[in-house]
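Heads up: the structure comes next, in structure tokens.
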Amino acid sequence: MKAIQGIAIYVLWLRELKRLLRARSRLIGTLLMPLFFLAFMGLGFQRMRFPGMPGTEYSDFLLPGILGMSILFSSAFTGLSVLWDREFGFLKEIMVAPVSRVSIVLGRIAGGITTSLFQALAILAVSLAFGFRPRQWVMMFPALLLMVLISITFIGLGLSFASNMRDMQGFNLVMNFVIFPLFFLSGALFPLDDFPSWVRAVARLDPLAYGVDGLRAALLGSSDMSLAFNLIALAIFSLLAVALGVWFFEKSDSL
Amino acid sequence: MLPLKTVKSVIKVKKLAKYYDKNVAVDQVSFEVGDGEIFGLLGPNGAGKTTIISILATLLRPTSGYAEVAGISVGGNRDALRRQIGIVFQEPALDTKLTGRENLQFHAMMYGLAKHERRERIERMLELVDLQDKADLLVEKYSGGMKRRLEIARGLVQHPRVLFLDEPTLGLDAQTRRHIWDYIRRLNREERVTVMLTTHYMEEADFLCDRVVIIDKGRIAAMDTPARLKDILGGDIVNLAVPEGGEPLMNVLKDRPWIKASRLHDGQLSLTMVQGDKRIPELMQTAVQTGTRVTAVNLHKPSLEDVFLHFAGRSISEEETGHDAQFRFVRHGGRR
């Protein structure tokens, strides 16, 4: 049965929201890390400049990268939360329900987007409070869309990995060998101009690179590629990632 | 109670088999469960009980054979079958960051219950397992017994035809276990739901089940009501203490057709018979007639433990300590 069941998606989303609001420590922890990055790196590299740097300050350059980072981590975490549910047994309750696997994946994506966007918007709000201003307020809309797409991409990717793993040990493996390289190759902290050409070629396959560059285009008004190009590339990545996630999740059909 | 002749079957299993590589978990198992029965799968860990339940709940595909629940084949429309069943797993499957009621709400919505029906069913199920007062506490604050009750309630929310309980009292203390038994009987009666449970506790199968299948190494060793299974052993053993000798009494009794075996040893006359409790008056009468002085009487009822011993050639608890875990679906140490 391939039907998409709205009520199942809704209740999975609701569960995620309730868990988010109840896990105070997780909420604060996931907010503090990116804010520390932003504050310490922003201040530490305050006087750093490099040719063609978008934005006037390094902290301006950094903000889209940190937004991307925050969404990357929280989304991958949501994708991998299948492992968490398996660990605590709740996955069985989900898997035995008469609900299509597609609906389950969509429900998890809906929950994950909410969580990551909540964090990203909190970071953005703090930045605004400390004086950051986007080039045009109206450009917040494409920025929001980009953030949603980044989130979808990495939830899909996280689900694909989680469906192929049995236990929590895989979690650290994915974090260290997939998530961190994706983060560093994205150009979130520094431009990749001085890297060897093969590294830059690999970075072309990093969805987060398009996300971060797109956010710079939207928020700072200057970027390597155009906003439209970044949006389209990221949309393709997110579709692929969701398809992959659904496919693996259906195939594993595991407890 | 043997309702198969009169009541239609709600579970049918024919020559069901499940192999893992070359290991046999379930081997050519056939049985039927009547509507409204409490049916027990009894056997040691690793006997294949959980595998059978997993197949019937469409969580595992059988290697060969046929199985159906509520008229739907396990290879057929899985979602339709899943709507007909409730299942309580061996390990807890609750979201501990949600309250008891929220866990039930999640479940009811996943099963597509309409809003008013949802509210009504959830209240009714909470009442059935006496959790109304604790319904709005986070599940992480629940005791082991409360979690179990909540899971049983959850399994019933969608009005299933069959409720599967995989080791419903594993790891619970004796008192809590008795309570869970009472709840299972109550729900079987009040919700008119067929219950299929696995257990390796003899008393549990004996106390709860209308019929029991004894499973050993993936095969059915015996299947009947607990009482009849115990009768297979030849019945009860009645011991008469006869300190002044019991020869004359034994010689008279030996000829009675209902005495299966008799033995005189150490001033004790041991007699095997069906329904020994009803024969004691007659035994005492005969003793008086033969002038035998009897100073004590005791009756030993055979337990399912003895039955298992009889069929498997070893005791079920011996199995417990063995390394027989290859087919268990216990992923972590978190067994209750």
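The values are calculated or read from the model by the stated rules, or taken from the named source; none is laboratory data. All figures in this text were calculated on a predicted structure; none of them were measured in a lab. When we count neighbours, we look across all protein chains shown, and the Cβ atoms used for this are built from the backbone with ideal geometry, even at glycine. Only protein heavy atoms, including side chains, enter the accessible area calculation; ligands, DNA and RNA are left aside. Shrake-Rupley method; radii C 1.70, N 1.55, O 1.52, S 1.80 Å.
Key figures
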| read-out | value |
| --- | --- |
| Cβ-derived FRET efficiency at R0 30 Å, residue B:8 paired with residue B:182, nearest 0.05 | 0.60 |
| Accessible surface of chain A, 1.4 Å probe, proportion on carbon and sulfur as whole % | 71 |
| Helix-only CD estimate at 222 nm, as mean residue ellipticity for chain A, using -39500 (n - 2.57) per DSSP H run (n ≥ 4) | -23000 deg cm²/dmol |
| Whole-Hz couplings from phi, Karplus 6.51/-1.76/1.60, listed for the stretch B:195-212; x for Gly and Pro | 10, 10, 10, 10, 7, 10, 9, 4, 4, 5, 4, 5, 6, 9, 8, 6, 9, 10 |
| At R0 = 41 Å, FRET efficiency that the Cβ-Cβ distance of residue B:289 and residue B:225 yields, to 0.05 | 0.70 |
| Other-chain or far-sequence residues with amide H under 5 Å of residue B:222's (modelled H) | B:214 |
| Most mobile of A:40, A:73, A:61 in a GNM of chain A (Cα contacts under 10 Å) | A:40 |
| Proximal aspartates and glutamates relative to residue B:14, as straight alpha-carbon distance under 16 Å, when same-chain residues fewer than 8 apart are discounted | B:27, B:32, B:68 |
| Highest to lowest packing among A:242-250, B:16-24, scored as the average C-beta count within 10 Å | A:242-250, B:16-24 |
| Within a Gaussian network of chain A (alpha carbon springs, distance under 10 Å), most fluctuating of A:143, A:23, A:218 | A:23 |
| Other protein chain Cβ atoms within 10 Å, averaged over every residue that makes up A:20-27 | 1 |
| GNM flexibility winner over chain B from B:290, B:176, B:272 (Cα, springs under 10 Å) | B:290 |
| For B:99-108, mean number of other protein chain Cβ atoms within 10 Å | 3 |
| Distance-filtered residues of the stretch B:190-228 - backbone nitrogen under 16 Å, label point 7 angstrom along residue B:303 Cα→Cβ | B:199-209, B:226-227 |
| Segments B:274-281, B:81-88 sorted - mean Cβ within 10 Å per residue, highest first | B:81-88, B:274-281 |
| Residue among A:21, B:55, B:176 farthest towards the positive dipole end of the protein assembly as shown, charges placed on Cβ | A:21 |
| FRET efficiency estimate (nearest 0.05) - Cβ-Cβ, residue A:19 to residue A:236, R0 30 angstrom | 0.45 |
| Nearest-ten-degree value, helix A:207-219 long axis tilted from longest Cα axis of chain A | 50 |
| ³J(HN,Hα), Karplus 6.51/-1.76/1.60, whole Hz, each residue of the stretch A:114-127, x for Gly, Pro | 4, 4, 5, 5, 4, 5, 4, 5, 5, 5, 4, 4, 4, 4 |
| For the stretch A:62-114 and the stretch B:117-135, distance of Cα centres in Å | 29 |
| For the stretch B:142-150, Karplus couplings with θ = phi - 60° (6.51, -1.76, 1.60), whole Hz, Gly/Pro x | 6, 7, x, x, 5, 4, 4, 5, 4 |
| Qualifying trypsin sites (Lys or Arg not before Pro) in the stretch A:125-233, DSSP loop, other Cβ atoms within 10 Å at most 15 | A:135, A:166, A:204 |
| Cα→Cβ-extended label distance, 7 Å offset, between residue B:265 and residue B:244, nm | 2.6 |
| Dipole magnitude of the stretch A:2-251, debye to nearest 20 (Cβ charges: Lys/Arg +1, Asp/Glu -1, about Cα centre) | 560 |
| Per residue accessible area in Å² of the protein assembly as shown, where ligands, DNA and RNA are left out and the probe is 1.4 Å | 44 |
| Cα gyration tensor shape for the stretch B:36-84, rounded if a/c is under 1.5, else prolate or oblate | oblate |
| Within 10 Å of each Cβ in A:83-89, the average number of Cβ atoms from other chains | 4 |
| Exceeding the 25 Å Cα-Cα cut-off - candidates B:49/B:141; A:18/A:92; B:260/B:301; B:15/B:217 | B:49/B:141 |
